[in-house]
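Comments concern the structure below.
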Amino acid sequence: MIFRMGRKDIETEGEASDALVVKATHENSVMVSKFNSMGLSPEEYVAIMGSYTLGFASEDNKGKKGRWTMNPYVFDNSYFKEVLVGHESKYLKTESDLSLLHNPEYRRWVEIYAEDQKLFFENYARAHVKISERGQEEHLLSEFNEENIVDGGYQENGGQHWARKFAGEN
């Protein structure tokens, strides 16, 4: 997936966060209905929830109960492993996190991502682009030439290495 930067309607990181995070009964809770209204499939929704593998619930609570995983500085699939532990986890679990276990389709994806980090990364990237660009197509700026997008990735010069191109090699 190509991520096109440059939304002209969002100027600060805080504005971008407010567009996705809705204040609920627990700090940093994400409303399931917000993501459902964005047209996310179950695997995309669960993948986006995996973003909680990073960071803390609040700046002033950086202990075990203020983070979702053991290492909140590494993006990996540990969030899903912790969700599967449920209330037995040493780390923060919100109602939104635990609700993933009560929905059979969401639980299935939690289990899959807990076992397959590569698939989590792929689905997360696709879902991240989807929610970042949704409804903003007319505001997106891009340095990418559409003819260079091949199989979802960007390949300048038809995939030819730049050194060979300029050396006159084929």
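Between L84 and N103, full extension at 0.36 nm per residue minus the direct alpha carbon distance yields a gain of 5.6 nm. A Förster distance of 30 Å, applied to the separation of the beta-carbon atoms of E95 and F121, puts the FRET efficiency at 0.70.
Shape call for segment 71-123 from the C-alpha gyration tensor, a ≥ b ≥ c root eigenvalues: rounded (a/c under 1.5), prolate (a/b greater than b/c) or oblate? The shape class here is oblate.
The string of couplings for segment 74-89 from the Karplus curve (6.51, -1.76, 1.60, θ = phi - 60°) is 10, 8, 8, 9, 5, 3, 5, 5, 6, 4, 4, 6, x, 5, 7, 5 Hz, one whole number per residue in order, with x for Gly and Pro. Residue separation of Y73 and S41 scaled by 0.36 nm, minus their Cα-Cα distance, works out to 8.8 nm of gained length.
Quick note: the coordinates plus some simple rules give every number you see, no bench work behind them. A quick note: this is a predicted structure, and the numbers were derived from the prediction, not measured. Glycine also receives a Cβ, built like all others from the backbone with ideal geometry; neighbour counts cover every protein chain displayed.
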